[in-house]
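Accompanying notes for the structure given below.
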Amino acid sequence: MGGSDQSLAEIGHWIGGRIDPGGRSARTGEVFNPASGEVVARVRMAGQAEVDSAVAAARRAWEPWSQTPVGRRARVMFRFRELVEQRQQALAQAITREQGKLLSDALGEVARGLEVVEFAAGIAHLIKGEHSDQVASGVDQFSLHQALGVVAGITPFNFPAMVPMWMFPLAIACGNAFVLKPSERDPSASLLLAQWLRDAGLPDGVFGVVQGDKEAVDALLRHPDVSAVSFVGSTRVAEHVRSEGCRHGKRVQALGGAKNHLVVLPDADLDQVVDALIGSAYGAAGERCMAVSVVVAVGSVGDELMPRLAARARALRMGDGSDPASEMGPLITAAHREAVAAHVACGVEQGAQLVVDGRALQVSGRERGFFLGACLFDHVRPEMRIYREEIFGPVLSVVRVPDLAGALELVNGHEYGNGAALFTRDGASARAFVRRVQAGMVGINVPIPVPMAFYSFGGWKRSLFGEAHAYGMEAVRFYTRYKAVMQRWPDPGTKGPEFSF
């Protein structure tokens with residue numbers, strides 16, 4: 001970290017409704033264009049002082065914002081949605097430049113994030129309480145959903161716009177102030193979102209951004225004025241966020257890693273299966289928590305599936321995400337590319353059959369970019385590391401099982417339970433799979449079953465720590481406290497104490 005190249009732009013924080021250069025901490029990190037391998041900016045790394053400043057600004061802004069009529073809060077979300085839609089090209093370009101994904105994929109990410117903003121614009125309906133008249137003599141009962149205060153979000157590099165939009169629109173619409181700690185790998189999207197929230201009429205301080213790494217994360221987790229923390233990332237860090245946040249008395253929703261399975265029955269439409277696998281396994285270079293990384297081929301279907309799948313994987317066009325001809329972009333860093341390549345080498349060493357090997361791929365004119373081509377394994381066994389561990393890259397493993405019961409046993413035996421899919425034409429098999437599979441999100445002939453904004457996102461087992469899933473009504477409950485109220489107004493005709501309960 002650190003450096004002296006004065007020609008590079010420095011990306012700072014957003015505190016109190018304006019850019020904060022973050023001069024209190026001298027630490028900086030490099031921001032790369034993954035397609036070229038070039039450093040394009042430096043990002044300021046927040047320490048305790050920057051986090052304290054952002055939380056203090058949020059704390060000052062929270063009380064008046066929480067008392068703002070709910071209709072006005074909804075109108076800010078409506079206006080923000082309009083601005084993001086109008087300016088989405090600039091946001092997508094920033095994502096592609098720093099994250100590497102295809103521009104079309106970045107635009108899709110923005111669109112999915114806006115679905116949550118649209119849901120949050122209905123906040124007046126979402127936080128309605130209940131009312132019961134005359135529950136006892138002269139007594140009425142009702143309930144409230146009240147804001148928590150200052151809440152924080154810690155988000156990953158792979159969706160620098162969408163995952164923050166899973167969090168802050170609902171948190172803010174519920175009446176909270178929000179401090180975002182985005183990934184230091186692609187920080188520019190967070191500042192665009194902050195500026196557009198201000199343009200939409202959000203009061204200064206209600207939304208803040210602190211750039212940084214573990215130091216900023218830990219400062220948020222221990223800060224006494226942060227009431228709740230939302231996290232999306234690896235299981236290792238999710239466990240840390242959950243334990244540290246709870247240790248400091250915070251609400252925590254922490255979404256971790258995944259090893260998503262796609263089960264193919266012999267009656268499935270294999271053209272549909274291959275299309276689904278190419279997009280879900282190799283889209284965004286496999287850097288998605290919902291990417292399909294394991295194909296479970298039932299019976300003899302693997303023999304017919306593999307040649308088709310291999311041919312399509314070999315034909316994928318790699319390149320800069322800003323090039324419309326590209327079908328797959330680079331990985332986020334050189335270090336991550338080497339880590340994915342090491343997993344591929346381990347798979348070969350442990351006896352899996354490497355049918356397509358993308359490790360030697362070179363992209364003309366982008367030789368320094370962080371590219372790794374599609375990799376496809378067959379005859380993978382459950383004890384292998386490439387099956388057990390999340391790779392987060394363009395590596396697809398095929399495991400063969402004799403029947404649906406064996407497929408369910410395999411999927412349910414894995415430590416992760418984020419998503420699972422089944423491709424079949426048989427309704428009875430699909431129904432059995434939905435009811436028996438141990439995963440939080442299930443697709444039937446849908447490879448990436450990410451729920452719509454009015455449902456909630458989250459896995460089972462070691463893919464989720466805490467009870468609350470992201471967005472949807474579960475997030476509304478997470479970002480509010482429930483309060484039950486009983487009230488009685490004095491009746492002039494009633495006198496004397498009552499001693500019964």
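Just a few scattered comments:
- Net dipole in debye of the chain [+1 Lys, Arg Cβ; -1 Asp, Glu Cβ; about Cα centre; nearest 20]: 940 debye
- Taking the chain and dividing mean pair separation by its residue count, relative contact order in percent (alpha carbons under 8 Å, at least six apart): 18 percent
- Cβ-derived FRET efficiency at R0 51 Å, E118 paired with M486, nearest 0.05: 0.90
- Accessible area per residue in Å² at 1.4 Å probe, computed on the chain: 41 Å²
- Between D199 and H248, the C-beta separation translates, for a Förster distance of 35 Å, into a calculated FRET efficiency of about 0.55.
- Shown in residue order for region 199-206 are the 3J(HN,Hα) couplings computed by the Karplus curve 6.51 cos²θ - 1.76 cosθ + 1.60 at θ = phi - 60°: 4, 7, x, 5, x, 4, x, 5 Hz (x for Gly and Pro).
- Between L197, P447, G37, the Cα set farthest toward the positive side of the dipole of the chain (charges on each charged residue's Cβ, about the Cα centre) is that of L197.
- Amide H contacts of G321 (H built 1.01 Å from N, under 5 Å, at least 5 apart or other chain): none
- Region 79-217 - charge dipole about Cα centre, Lys and Arg +1 at Cβ, Asp and Glu -1, debye rounded to 20: 280 debye
- Region 279-395: projected area of the alpha-carbon convex hull, averaged over directions, in nm²: 7.2 nm²
- Magnitude of the charge dipole, region 253-411, Cβ model with Lys/Arg +1 and Asp/Glu -1, debye to 20: 440 debye
- Over 21 Å (Cα to Cα) - which of K128/K461; K181/K214; K181/K259 fall in this group: K128/K461; K181/K259
- Segment Q67..K128, full-extension length gain: 20.4 nm, with 0.36 nm per residue of separation and the alpha-carbon distance subtracted.
- Spin-label model distance (nm) - R75 vs D269, 7 Å beyond Cα toward Cβ: 4.8 nm
- Based on Cα atoms of region 175-319, Rg over Rh with Rh as the Kirkwood radius reads 1.13.
- Taking the charge dipole of region 186-277 about its Cα centre, with +1 at Lys and Arg Cβ atoms and -1 at Asp and Glu Cβ atoms, the residue from A268, V241, G257 reaching farthest to the positive side is V241.
- Within the same chain, aspartates and glutamates fewer than 8 places from K483 are excluded, and of the rest, those with a Cα less than 20 Å from its Cα are E63, E130, D133, D140, E467, E474.
- Additional length obtainable on full extension of the chain from E389 to V450, 0.36 nm per residue less Cα span: 19.8 nm
- Rounded percent of accessible protein surface that carbon and sulfur make up, the chain, 1.4 Å probe: 51 percent
- The GluC sites (Glu not before Pro) of region 71-171 meeting both criteria, a DSSP state outside H, G, I, E and B (loop) and at most 14 other C-beta atoms within 10 angstrom of the site's C-beta, are E130.
- For region 455-471, 3J(HN,Hα) per residue [Karplus equation, 6.51 cos²θ - 1.76 cosθ + 1.60, θ = phi - 60°, Hz, x = Gly/Pro]: 9, 9, 10, x, x, 10, 6, 8, 9, 8, 10, x, 8, 8, 8, 7, 6
- Coarse-grained scattering of region 60-203 at q = 0.21 Å⁻¹, given as base-10 log I(q)/I(0) from a Debye sum over alpha-carbon atoms: -1.25
- Under Karplus coefficients 6.51, -1.76 and 1.60, residue-wise ³J(HN,Hα) of region 346-355 in Hz, glycine/proline x: 5, x, 5, 4, 8, x, 6, 8, 7, 7
- Annotation note: GluC sites (Glu not before Pro) in region 326-385 located in DSSP loop regions with a Cβ neighbour count of at most 14 within 10 Å are E367, E383.
- Considering only the Cα atoms of region 352-449, their convex hull presents on average a projected area of 7.7 nm².
- Residue among F370, H336, A310 farthest towards the positive dipole end of region 291-371, charges placed on Cβ: F370
- If you take all other residues with their beta carbon under 12 Å from the beta carbon of N418, and give Lys and Arg +1 and Asp and Glu -1, the sum is +2.
- Sparse packing (at most 12 other Cβ atoms within 10 Å of the Cβ) combined with a DSSP loop state is found for the following GluC sites (Glu not before Pro) in region 416-501: E467, E498.
- Restricted to Cα atoms, the chain shows a radius of gyration and a Dmax of 24.6, 91 angstrom.
- Theoretical gain in end-to-end length, A342 to V40 [0.36 nm per residue, Cα-Cα removed]: 106.0 nm
The values are calculated or read from the model by the stated rules, or taken from the named source; none is laboratory data. If you're wondering where the values come from, they're calculated on a predicted model, not measured in any experiment. Quick reminder, even Gly has a Cβ in these numbers, built from the backbone with ideal geometry, and neighbours come from all protein chains shown. Note: areas computed on protein heavy atoms with side chains; ligands, DNA, RNA excluded. Shrake-Rupley method; radii C 1.70, N 1.55, O 1.52, S 1.80 Å.
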